[in-house]
Amino acid sequence: MRVIRIMASALLALLCVGSAWAAEPTFQLSTHMLDISRGEPARGVRVVLEERQADGGWLGVAERRTDANGRVADLLPAGQPNDGVYRLRFETEPYFESQGLRSIYPWVEVTFRIEGEGHYHIPITMSANGYATYRGN
């Protein structure tokens with residue numbers, strides 16, 4: 001019985017340590033897209049991240065596709081200066097066309113500012129005829 005208690009305590013300690021490690025994001029910026037008309041994640045959507053330059057132009061920083069959960073977790077590495085104005089471009093038209101739908105929005109661009117070292121999660125909720133965004137966690 002004592003051995004079982006020791007093993008259970010060790011397992012609990014490992015789970016707590018693992019949770020603490022998981023809470024430390026290695027990327028400062030993440031996103032996801034939820035299809036609210038279907039009530040599920042939007043899989044395979046192309047997402048482009050760009051940074052605003054001093055001359056007013058935009059520089060491509062990253063390009064990814066949403067995963068099976070509609071997420072992109074690895075857009076800007078943490079631990080380096082990332083202050084600036086960015087935009088995420090969600091290529092929504094191919095996603096809706098694959099469902100036989102025509103969206104009023106061929107893409108959605110979300111422009112936002114990053115200041116400091118905190119984590120930024122910029123998701124969108126979307127249907128073929130509307131979208132919303134917010135700062136998540």
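Worth a mention:
- Complete set of residues in the stretch 49-74 that are closer than 18 Å to Arg113 by Cβ and surrounded by 13 or more Cβ atoms within 10 Å (Cβ to Cβ): Leu49, Glu50, Glu51, Arg52, Trp58, Val61, Ala62
- Any hit, the stretch 75-83, residues being loosely packed, with under 14 Cβ neighbours inside 10 Å, at pLDDT 95 or above and polar (S, T, N, Q): no
- Check on Glu50, free of Cβ contacts under 8 Å to residues at least 60 places away in the same chain, among the charged types (D, E, K, R) and either part of a loop (DSSP other than H, G, I, E, B) or touching a strand residue (DSSP E or B) at 6+ places or on another chain (Cβ under 6 Å) (or both): yes
- Only one of the listed residues (Tyr95, Tyr120) is farther than 15 Å from Leu29 by Cα and crowded, with 17+ Cβ neighbours inside 10 Å. That residue is Tyr95.
- Any hit, the stretch 60-73, residues being more than 18 Å from Tyr134 (Cα to Cα), without any contact (Cβ under 8 Å) to a residue 24 or more places away in the chain and assigned to a loop (DSSP other than H, G, I, E, B): no
- No other residue among Glu117, Glu93, Glu109 is charged (D, E, K, R), modelled with pLDDT of 95 or more and either outside any helix (DSSP H, G or I) or on the phi > 0 side of the Ramachandran plot (or both) apart from Glu109.
- Flag for Gly79 being assigned to a strand (DSSP E or B), small (Gly, Ala, Ser) and over 15 Å from the mean Cα position of the chain (by Cα): no
- Filter result for Gly130 (surrounded by 12 or more Cβ atoms within 10 Å (Cβ to Cβ) and over 13 Å from Leu49 (Cα atoms)): yes
- Neighbours by Cβ (under 6 Å, 6+ apart or cross-chain): first from the stretch 92-107, farther than 17 Å from Arg64 by Cβ; second assigned to a loop (DSSP other than H, G, I, E, B) and of a type in the set (A, V, I, L, M): Phe96/Ala128; Leu101/Ala128; Ser103/Ala128
- Unmet requirement for Tyr86, which otherwise passes all of (1) in contact with a strand residue (DSSP E or B) (Cβ under 6 Å, 6 or more places away or on another chain); (2) loosely packed, with under 15 Cβ neighbours inside 10 Å; (3) at pLDDT 95 or above: (2)
The values are calculated or read from the model by the stated rules, or taken from the named source; none is laboratory data. In this text the structure is predicted, and so the values were computed from the model without any measurement. Glycine gets a Cβ as well: all are built from the backbone with ideal geometry, and neighbour counts include every protein chain shown.
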